[in-house]
1. Across segment 81-97, which residue is most open to solvent (accessible area, probe 1.4 Å) among those that are in contact (Cβ under 8 Å) with a residue 24 or more places away in the chain and farther than 11 Å from Val66 by Cα?
2. So is Ala77 open to solvent by less than 50 Å² (accessible area, probe 1.4 Å), in contact with a Gly (Cβ under 8 Å, 6 or more places away or on another chain) and of a type in the set (Gly, Ala, Ser) or not?
3. From the set of residues in segment 52-71 that are open to solvent by 50 Å² or more (accessible area, probe 1.4 Å) and in contact (Cβ under 8 Å) with a residue 24 or more places away in the chain, which is nearest to Leu12 (Cα to Cα)?
4. So for segment 40-51 (the condition being assigned to a strand (DSSP E or B), open to solvent by 50 Å² or more (accessible area, probe 1.4 Å) and in contact with a His (Cβ under 9 Å, 6 or more places away or on another chain)), does at least one residue qualify?
Amino acid sequence: MNVTYTGKQEHLHPKQKEQLDAKLGKIAKLLDVSGKGDKQAHVILAQHKNVHRAEVTLNYLDHTIVGEHADADQFIAMNTAIEKIERQMLKVRDKRR
C-alpha cells in the first residue's frame, strides 16, 4: 500500500511510522478484493494550538472512506483515525456481501 503523509511541520518518529504502516498493511489485506492495482492511502496531519488532527482517506469498492480524529497526542489521533477507517471498511464489505 502506498501511503502519502502530508502536513505542515508535522514529523513522525520512525518507530511510530513503522507501527502505522503495519496497521495500514493490515487494512491493505482487507482492501484486496479483486487484486487489481496498488492501493493508496492519504494521511493528512495538522495541528492547531495543542490539538493534533489526523485524517486518513482511501478508496474501497467505489467508496471514499475517510477517518478523522483530533487529540492532544498525534499518535493517538492517527491510531483512532485508522481504527475508524477499518470499521467503515468492514461495514461496507458486509453490506456488499
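1. Only one residue tops the list, namely Arg96.
2. Values: open to solvent by less than 50 Å² (accessible area, probe 1.4 Å): yes; in contact with a Gly (Cβ under 8 Å, 6 or more places away or on another chain): no; of a type in the set (Gly, Ala, Ser): yes.
No.
3. The selected residue is Arg53.
4. First pass over segment 40-51, keeping only residues assigned to a strand (DSSP E or B): 40-48, 51.
Next, from what is left, pick out any that are open to solvent by 50 Å² or more (accessible area, probe 1.4 Å): 40, 42, 44, 47-48, 51.
Then keep just the ones that are in contact with a His (Cβ under 9 Å, 6 or more places away or on another chain); that gives none.
Checking segment 40-51: not a single residue is assigned to a strand (DSSP E or B), open to solvent by 50 Å² or more (accessible area, probe 1.4 Å) and in contact with a His (Cβ under 9 Å, 6 or more places away or on another chain).
The values are calculated or read from the model by the stated rules, or taken from the named source; none is laboratory data. Bear in mind the structure is a predicted one, so any value in this text is a computation, not a measurement. Positions of Cβ are generated from backbone atoms using ideal geometry, with glycine treated the same way; all protein chains shown enter the neighbour counts. Areas reflect the complete protein model, heavy atoms only, side chains present, ligands, DNA and RNA absent. Shrake-Rupley method; radii C 1.70, N 1.55, O 1.52, S 1.80 Å.
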